[in-house]
Amino acid sequence: YGELSAVWIDEKGTVYTGGNILFWNRRGEWNYVTNLPENYLGGNPGVYYRGFISSIRGNSSNDYVIVGDRNTFRHFNGASWKQLGLDYSPSNPIIWFEVEQKENLIVAVGYKNSKAIIIKLKR
């Protein structure tokens with residue numbers, strides 16, 4: 001299902017990896033993350049819901065973030081996903097490359113129209 005470019009390990013030792021699809025591995029069993037609505041084994045349906053995932057970071061399995069192409073910037077709170085910052089759009093030129101999360105702070109770096117950008121979000 002395409003390439004993978006992101007990896008993160010949560011507090012329980014679950015490995016998350018992303019690219020076209022967001023996967024997890026628990027105790028040697030691989031599966032895709034079913035609670036991410038646009039995440040399914042047939043692949044991301046075009047770019048209507050989110051872009052390619054380039055980075056994953058978090059505090060725990062119920063508090064983590066994925067970022068990527070077309071301003072993909074999603075937070076999982078243990079129950080549901082929410083777009084952070086600006087709205088997602090298939091035509092958005094923002095590409096987030098890396099994200100870091102520590103306690104109530106999230107920082108991401110990327111570029112828009114060949115210029116570096118950074119965003120800092122606090123809860």
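The values are calculated or read from the model by the stated rules, or taken from the named source; none is laboratory data. Just so we're clear, the structure is a prediction, and the values are computed from it rather than from any experiment. As a convention, Cβ positions derive from the backbone with ideal geometry for all residues, glycine included, and neighbour counts pool all protein chains shown. These area figures cover heavy atoms from the full protein model, side chains too; ligands, DNA and RNA do not enter into them. Shrake-Rupley method; radii C 1.70, N 1.55, O 1.52, S 1.80 Å.
Here are a few things to note about the model shown:
- Max mean-square fluctuation residue, GNM over the chain, Cα-Cα springs under 10 Å, options 100, 29, 11: 29
- Largest accessible area first, the residues 86, 121 order themselves as 86, 121 under a 1.4 Å probe with ligands, DNA and RNA left out.
- Legend: calculated FRET efficiency, residue 12 to residue 92, from the Cβ-Cβ distance at R0 = 35 Å, rounded to 0.05, equals 0.55.
- Cα centroid of the stretch 1-43 to Cα centroid of the stretch 64-123, whole Å: 18 Å
- Just the protein heavy atoms count here, and of the accessible area of the chain at 1.4 Å, carbon and sulfur take up 52 percent.
- Remark: the chain carries 56 Å² of accessible area per residue (probe radius 1.4 Å; ligands, DNA and RNA excluded).
- Given the alternatives (1) 20.7, 68; (2) 13.5, 42; (3) 19.2, 68, Rg and Dmax of the Cα atoms in Å as computed for this entry is given by (2).
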